[in-house]
Each structure stands twice: as C-alpha cells, then as structure tokens.
1. From the residues in region 210-222 that are touching a helix residue (DSSP H, G or I) at 6+ places or on another chain (Cβ under 7 Å) and of a type in the set (Asp, Glu), which one is surrounded by the most Cβ atoms within 10 Å (Cβ to Cβ)?
2. Among the numbered criteria (1) crowded, with 24+ Cβ neighbours inside 10 Å; (2) touching a Cys at 6+ places or on another chain (Cβ under 9 Å); (3) closer than 23 Å to Thr151 by Cα, which one does Pro239 miss?
3. Do we have Arg139 as out of contact with any Lys or Arg (no Cβ under 6 Å at 6 or more places or on another chain), more than 26 Å from Asp82 (Cβ to Cβ), at pLDDT 95 or above and not aromatic (Phe, Trp, Tyr) here?
4. (1) under 22 Å from the mean Cα position of the chain (by Cα); (2) part of a helix (DSSP H, G or I); (3) not aliphatic (A, V, I, L, M): which one isn't true of Arg235, the others all being true?
5. Report whether or not Leu32 is aliphatic (A, V, I, L, M) and modelled with pLDDT of 65 or more.
6. Restricting to region 261-301, name every residue that is under 27 Å from the mean Cα position of the chain (by Cα), of a type in the set (D, E, K, R) and farther than 30 Å from Gly202 by Cβ.
7. Picking from Gln196, Gln145, which residue would you name as being more than 15 Å from the chain's Cα centre (by Cα) and among the polar types (S, T, N, Q)?
8. Within region 250-258, is there a residue that is surrounded by fewer than 14 Cβ atoms within 10 Å (Cβ to Cβ), touching a helix residue (DSSP H, G or I) at 6+ places or on another chain (Cβ under 6 Å) and of a type in the set (Gly, Ala, Ser)?
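The values are calculated or read from the model by the stated rules, or taken from the named source; none is laboratory data. Computed from a predicted structure; not experimentally measured. Note that each Cβ is placed from the backbone with ideal geometry, even for glycine, and that neighbours are counted across all protein chains shown.
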Amino acid sequence: MTAHPLGFAGASHQTARTRHGWSKALQLTPDLYPGVGGKRLRATLLERAYAFAGGSSAAPALIVDAVEMLHAGSLVIDDFEDDSLTRRGQPALHQVIGPARAVNAGNWMYFRALELAAAALDDPARSAALVGRCITVARQCHEGQALDLATRIDEVTPRQAQVTALAISRWKTGRLASLAAWCGAHAAGGDPQTLQAVAAFGCRVGICLQMKNDLDELCDLLDGSDRCDDLRNRRVTWPWAWAASELSAGQFAAWQRRLRRSVEQPDAFRPLAKDLLEATHRRAATAINARLDRAIDRLAGATGGSREAGSLAAVCDALRIANEPTKAEALP
C-alpha cells in the first residue's frame, strides 16, 4: 500500500488548511481506503498474477491501490444507485454525507485511481497501456451496472433471467477482477499469452465472486442483516437464475408475483430469501465449484502447463461452497 493513496497531486493542495478542507469535503470512511476494507480478492488476484507472470518481490503498490480504489469508488456509486443503507457493516457513504457529496467522492476515486495507475510504471508505453486498460474496464463495469439497474427479475422470462445474470456478472464484476489479474501480469512484463490467460481467469473468478455475493446477501438476511437490496430492488441475481432453471415457467411466474407483493410488505423478504436458498443452494454449490474448476483448468491449458498455477489458482478457495444444507434449510 502506498503511503498516501488518497493524497492530492496538485502543489496548491499541499497546505494543511487545503488538505483538511478536501478531506472534510470527501469524508471517506476508513473502510474505503485502499488496503483496509473488504475481502481484497482483487488485490490478491493482482499480486498472485504478478508472481505468476514472473514478477520479483511484491507487485507495485501503486497498481494495487489503483485497482482497490477503482473498486471502492464503484461501491460508493453502487450503494447510492441501490439506495443501500449499509456497506460492510457500517452506514453507506451517501447515508452519512448525503447523495451529492457521495457521488462526488465516488467519481473522485475513479480519477484518483487513474492517477495512481499512471504513476505506477516507468515505461511510458506500458504506463499508457495500463491506464487505457483501466479506462476501458471502468466503462465496461458501468455498462454492466446499467444492465443491472435497468432489468427487473419479475419482468423477465426464466431464460432471460439466466442470460442476464451471466451478462451482468461478466461485465460488472468479472471485468474488474479480470483487470486486477491483467494489471499484475502486465506489471511483471508478462507476454501476450500470459496476459490473455490471467485476464480470462480473473473474469471467470469474478463471475463466481458475484455468484457468491448474491448468495451471501440472502444468507446474511436470514442471519439478521437488514440489507436486502437485491430483493427490494428486484435485481436479476444468481439465486433467481438458478431457480429459473429448476422451476417450471408457471412456478417461476408465481415466485415473481410473490416478489412483487414482498416489495410492498418488507417483512416478507426473509421468508422469500429462505425459500430461494432452499431451492437453489445445492445448484449454487455445483455451479460455483464447477466454474472455479474450469477456470483453473483453462488457466493451465492456456499457458501450456509451463507455469505453476497453484498460488494464483488458490484464490478460488475462498469462493468455494460446501455442498451441505444452509442454515435456511435447517430451519423448521
């Protein structure tokens, strides 16, 4: 982690008074600082992709912080767009400082991430490639978020639910995980074949991360959490996609009607979450674990078995699901 990842580039911003003014205006919670909050899966992907591609010692801290900050900025904007109450167990930023300042802070983090990326490498050509990749992925993530915001699970067919869940995951979450892995390999001077292999691996891991996040929100709701953004906003999530593959068209339509009624009666969200988990948990475990296995196999195949993928592949371990009954299934 860099010494001052939230520092200010301009010389006019260096006085104590000005820096205090900017810090007060942005008012980022400590959990949003690079290297502090969250699972740090993307940072781990980057660091291990760096080693996988032949990097020595540690990956450049500026690149790690750039990816972490890009992700943190997306969380601020995502929480505002979802009208979330919490993030990582504390109030969402827009609930603390208001929507206008939160959106400003989230956007500022995007630009600060690009500044960090631009300063990370000495070679101008490689630096330009790094920044260009960050810009492209940020745009793609916004496109995935647009699809997520515009589609309602109670307005799609079962087939559309499955296709849309994959598209959202690939663009919104997969691309950012792919960026992290690519940045690590790029910083290490990886060859084009390696860059392509780790980027594809990162995207596949990112899809599984979204699958697990969707599942975890339902589990957390049953454990007493008040966060039920996906159900409240009628998002197209993986539990719904798995249910769409298990239920008849008539049964799926009945669940869609139940969701619409639940939006008007929030107390009904927990029973709905329980039923979704009961119906899809075993399918979820099979789907996530199988995708992770394929991601590892394809990584090894893409590099011709010439590189040891163990450390990079171990990132998958945190996302695997035990094929056993959930707490929801154990409830009477």
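1. Asp214
2. (2)
3. Taking the combined requirement at face value, the residue does not satisfy it.
4. All conditions pass for Arg235, except number (2).
5. Values: aliphatic (A, V, I, L, M): yes; modelled with pLDDT of 65 or more: no.
No: the conditions fail for Leu32.
6. Here is the first cut: in region 261-301, the residues under 27 Å from the mean Cα position of the chain (by Cα) are 262-263, 266, 269-301.
Add one more test, that the residue is of a type in the set (D, E, K, R), and what stays is 270, 274-275, 278, 282-283, 291, 293-294, 297-298.
Residues satisfying the conditions are Arg270, Lys274, Asp275, Glu278.
7. Working: Gln145 fails: more than 15 Å from the chain's Cα centre (by Cα).
From the options Gln196, Gln145, the qualifying one is Gln196.
8. Checked against the condition, which is being surrounded by fewer than 14 Cβ atoms within 10 Å (Cβ to Cβ), touching a helix residue (DSSP H, G or I) at 6+ places or on another chain (Cβ under 6 Å) and of a type in the set (Gly, Ala, Ser), region 250-258 yields no hits at all.
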